[in-house]
């Protein structure tokens, strides 16, 4: 799984990059084979104004499905990464579960058609 990390409006330190990569790998560990790439963007929305303004945007590119996108927003960059990684895990697992369910239903219809 390739993880592309970029930051806009704030400096991306080595420790912040490492934290994001580690957190994403841990969150997507159950579905590593299905995720080919993750695009991660960390943005400081309000810059000098302060407040809840660190946004972590994640896009996971799945092997047999379309992309899955989520966002996390917090005043702390690390917390926004945590929120986004947790949401990404749920969204990817939900997408893969739907895909598996559709495939089982398709195979069942084909099996029924050939048994008749």
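Please treat every number below as a calculation from the coordinates, not as lab data. Model, not experiment: these values are computed from the prediction. Every residue, glycine as well, gets a Cβ built from its backbone with ideal geometry; the counts of neighbours run over all protein chains shown.
Let me have the relative contact order for segment 2-115, percent, based on Cα pairs under 8 Å that are six or more residues apart.
So the answer I get is 22 percent.
Roughly what angle does helix 77-115 make with the longest principal axis of the chain, taking Cα atoms, 0 to 90 degrees, to the nearest 10?
Taking the Cα atoms of the chain, the angle to 77-115 is about 10 degrees.
Tell me the mean residue ellipticity at 222 nm calculated for the chain from its helices only (DSSP H runs of n ≥ 4, each -39500 (n - 2.57), averaged over every residue, nearest 500).
Value at 222 nm, helices only, nearest 500: -16500 deg cm²/dmol.
Using the Cα atoms of the chain to build a convex hull, what is its mean projected area in square nanometres?
7.6
Of the peptides 32-40, 107-115, how do they stack up when ordered by the mean number of other Cβ atoms within 10 Å, highest first?
Result, highest mean Cβ count within 10 Å first: 32-40, 107-115.
By how many degrees, 0 to 90 and rounded to 10, does the Cα axis of helix 14-27 deviate from the longest principal axis of the chain?
For helix 14-27, the angle is close to 20 degrees.
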